[in-house]
1. If I take R0 = 22 Å and measure r between the Cβ atoms of residue 60 and residue 95 in this structure, what FRET efficiency does the formula 1/(1 + (r/R0)^6) give, to the nearest 0.05?
2. If contacts are Cα pairs under 8 angstrom and at least 6 residues apart, what is the relative contact order of region 61-230 in percent?
3. How would you order 129-136, 92-99 from highest to lowest mean count of nearby Cβ atoms within 10 Å?
4. Ordered by packing density, taken as the mean number of other Cβ atoms within 10 Å over each peptide's residues, highest first, how do 200-206, 355-361 rank?
5. Separation between the residue 300 and residue 14 pseudo-spin-labels, each 7 Å from Cα along Cα→Cβ, expressed in nm?
6. What's the exposure ranking of 101, 369, 164, going from fewest to most Cβ atoms within 10 Å?
7. Order of 138-150, 16-28 by packing, highest average Cβ count within 10 Å first?
8. Note the full-extension length gain between residue 364 and residue 110 as 0.36 nm times their separation in residues minus their Cα-Cα distance, in nm to one decimal.
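We did not get these values from a lab; they are worked out from the coordinates using the rules stated. Please read these numbers as outputs of a predicted model, since none were measured by experiment. Methodologically, a virtual Cβ is constructed for each residue, glycine included, from the backbone with ideal geometry; neighbour enumeration extends over all protein chains shown.
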C-alpha cells in the first residue's frame, strides 16, 4: 500500500514538490518558533540569575531600556551623579552596590563598536564566577585594562601586552583576560572606574549601580527609598523579567499566528493536491474497484498518500529548521531585550515530536475528504466518466 502510494506521488513530481515546499516552510517556521521561544526564556532566566543582583540604579529615562542596555554591555546616552552610589551604599538593606561607567567607541573601519566599562572591586563580589586566564591578574593601576575573551581575540592581546586606544589617545597595559563566560562580558574592555570617567571626560558620573540586597524580601522597601535618589531611578530584576517576557509573549503570539496561517496554507496545498489526484485518477479508481478493492482499501490508499506527503514535508521542514535556525537567530536577536550570546534555537526532541505530530494531523485532515470522495466512486460511473 505504501509503495503504491509513493508511486502515485512520484507520477506528478512538480506538483508534489510544490506541496512539499509549502509544508516544509510551514514546519520549519513552527519548529523555529517553538524552539526559539523556549530557548530565549530559559536563557533569560539563566542570564538574569548570573547577574548576582536584585536591582539597579540607572539614569532618569526609560528604566527598562537603560537596564537592558547595561545588562547587555551597551552604552547609555545619559548618566547620573556619583552620589547615587553613596545613597545605595548607605541604605540599610543593601549588601553590595557596584558602580559602573560604560562608554562606546565605534570602530567603523573594522565594522564593530568597542564598549569600555569602568568598575571597581565590588564587581567581583557580584560576579564570583569570573575566572582569569593564566598569567592574568586583577586591575591594579589607572593604566591597566582587563579584556573579555572575545575582546582579547579581536585585539590579539595577551596579559602583559600594551593596548593603545587611538580614539581616547590612551595607552594601557593588559593586566589580564577573562575566561569565556558566555555572556556580554566576553566582548567588553574593563578598566578602573576613575580611568573610564577620565578617558571619556565624565568625572563623577555613573551609568549604573548594580545592587544586591542583604535579604531579597526587603526589595520593595529598598526600592521605595532609593527611588528618591536625585538623578536616578530604580529598576528591579523581577520587573525586568516580567516586562521582557511580556514583550516576547506578544511577539511570539504574532509569530504563532503567522505559523498557523502557514500551516493552513500547507493544509490547503495538501487538499488541492489530493483532490486533483482524485479527479485525474477517476478511471484508475474505477479499475481498482472493478478488480475487487473495497472502499476501505481506496480510502487507505489515499490516506497513505496524504500521510506520506505530510510526513515528508515535516522531515524536510525539520531539516530546514536545523539548517536555517542560525539565520533566524541573527535576524531576531537584535530586536530582543537581553538576548543571550549563546545560540537560542535548540530543536529538542519534544519540539520535533510536536511539529511532526501536528503536520501529520494537518496532512491527514486535509487528505481525508479527497480520500472519502475517492472511496465513494462506483466502478461503472467512474469508467463512464472517464
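1. Between residue 60 and residue 95 the formula returns 0.30.
2. After rounding, I find 32 percent.
3. Packing order, densest peptide first, comes out as 92-99, 129-136.
4. On the way: 200-206: 16.0, 355-361: 18.4.
In decreasing order of mean packing, 200-206, 355-361 become 355-361, 200-206.
5. 3.4 nm
6. On the way: 101 29, 369 14, 164 10.
Lowest count first: 164, 369, 101.
7. Going by the mean number of other Cβ atoms within 10 Å, highest first, we get 16-28, 138-150.
8. Values: separation 254, 0.36 × 254 = 91.44 nm, distance 5.33 nm.
Fully extending the segment from residue 364 to residue 110 adds 86.1 nm.
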